[in-house]
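Input: a single structure, listed below in structure tokens.
The values are calculated or read from the model by the stated rules, or taken from the named source; none is laboratory data. What you see is a predicted model, and the numbers here were worked out from it, not measured in a lab. Don't worry about glycine lacking a Cβ; one is built from the backbone with ideal geometry, like all the others, and counts go over all protein chains shown. For the accessible areas, the whole protein counts, side chains as well, though only heavy atoms, and no ligand, DNA or RNA atoms are used. Shrake-Rupley method; radii C 1.70, N 1.55, O 1.52, S 1.80 Å.
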Amino acid sequence: MKKIRAVVALIAACVACSAFAQEEFSEDDIFMDIGIDDATVSSTPDASSENEPEKPFSKNKLSQGVVFDNGSIKIGGKFDLGFSTLTALYDPDSTDFGENIKNTTFSPDVGAWLYVDARPTQTLRMYTKFGVAYPFTNSATSSLDWSNVTGITTFNQLGVNTVLSSWFTLKELFSDFNIKERAFFRFGLHTVTWGAGYFFSPVSDIINTSSINPEKTDDQVNGSLNLRTQITFPGTQNCLWLYVIPSTDFVNKNTVDSYARDTAFAAKGDFTIKNWEIGLGGYFRYQNAPKAMLTATGSIFKGKVTIFSEFVYQYGSASEWLNAKDAWNDKTSLFMATAGFSKYWKTQNIMLASQYYFNSNDKEELTGLTSYGEIARWYQAYFTNGHNVALYANFGRLFGTTDLSATVFGMVNFGRMEMSDADKTVVSQMEAQGGGKFPETVATFSAMLNYSPIKELTVGLGPYIQFTAWDKEPVVNLKFSATLGGGKF
């Protein structure tokens, strides 16, 4: 335990010293809502199209991610090309250093995204974003071959234990139209930007079908099929969002039809108070846990530090509703709350963000769950149950040059729920079927030094430390990463 505490203290000290090395700062578009065209706007942790303003096209350069633009239709995209390796320098479960070197993991990051944004008239817009990503399968139909283990269906989106994964991904597909520029409608598959969190967002998880990856916050979360209505109030910055969310849970069903009773409804109101934006909303679906939410985003110190927070109240866990669908009594009240801040020094190109997240949901059980959404919520509840803290610092200009940069990341969980014996059995069976290991960690720390001699090449090297339990010594890895020729087109 003394060794563990020493390691944690050393890492925390390094993070604190490096993160607060500068004093001058200015706020700069760190958490600005962006449009679906992520080729021309800087990405955010929860990149999506929720609040994109309707603007006419402007001519864009090829380097900005637009390969075709005639004023009414725009086509562009992005290639992600890179890889990373992880070598265990010290593993308490494996003292054979030669064996650890031989077991170095290699993780390709290879994929491509294409978007088509068409506006045939002033009041109609049609958009789609799709792509391919590693690992590639031999046929598109393989995405229908799901593995069912004791009633559990595993999916690639969860990132663990998938037998077959799909090479094709449809990220967004929707149409925008409006009535006299007062009521704005969007129908189709799209990401909903309800949340304000950087590493964690329980509010975003209410409608979207995946959660933010704390180590890859730029990745866009998966949205849902829904009809969105935005009602604006003239002369104010206030608006009302209404959602109708049909069920797309077709597991164990013979057709792609669903019952109208499974349709979910959600609403959220946004209003401003001075330099703060407040959001209030709720979610309801038949025989599922109802939820209420609150968000607050603003700034302090004369706008130099951005503050964000979220709160979610949920009546009953998914497991409790699964086992007693019609019983409104004897359900557990669950709370999820988070708060964080971000700060940006523009001149020095330094960005700092930190967030605390508390999740009281320790009632989820994996056994008996079958739908992707239910299983995803179990994973999210398990990994983030209790108290969580995350911190990220990016130094974009070391020694006065943009060729050298550095990133520091740390994420810690305290008070995680105990996995039941039944769930342990299911997880073991999933690991055996999928050939992967359940990625259980209570803390992760990393520090990467990056070198970019040319725009198309960036390599990084640094320690990557994982704690699987607080009463056990950590695994100390050496991580190497590289991006090779990717970019926008």
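The accessible-area ordering, largest first, of the residues Glu456, Glu181 stands as Glu181, Glu456, per a 1.4 angstrom probe.
When Lys343, Lys180 are compared by accessible area of protein heavy atoms, the largest-first order is Lys180, Lys343, using a 1.4 Å probe. Label-to-label distance, Glu418 versus Tyr90, with points set 7 angstrom from Cα along the beta-carbon direction: 3.1 nm. Of all the Cα-Cα pairs you can form in segment 349-489, what percent are over 27 Å apart? The proportion of pairs with Cα distances above 27 Å equals 40 percent.
Rolling a 1.4 Å probe over the protein chains gives Glu320 an accessible area of about 40 Å².
A Förster distance of 51 Å, applied to the separation of the beta-carbon atoms of Asn349 and Phe106, puts the FRET efficiency at 0.95. Cross-link pairs exceeding 20 Å between alpha carbons, from the set Lys216/Lys363; Lys74/Lys268; Lys325/Lys363; Lys455/Lys488: Lys216/Lys363; Lys74/Lys268. Ligands, DNA and RNA excluded, the heavy atoms of Phe409 present near 20 Å² of accessible surface to a 1.4 Å solvent probe.
The residues of segment 172-287 present an accessible area of 49 Å² per residue when probed at 1.4 Å with all protein chains retained. Taking the Cα of Asp326, stepping 7 Å toward and past its beta carbon, and measuring to each backbone N in segment 258-290: which are under 14 Å? Within reach of a label on Asp326: 287.
The largest accessible area among Asp93, Asp117 belongs to the first residue in Asp93, Asp117, and the rest follow in falling order (1.4 Å probe, all chains).
In order along segment 399-405, the phi-based Karplus estimate (6.51 cos²θ - 1.76 cosθ + 1.60, θ = phi - 60°) of 3J(HN,Hα) comes to 6, x, 10, 7, 5, 10, 9 Hz; Gly and Pro are listed as x.
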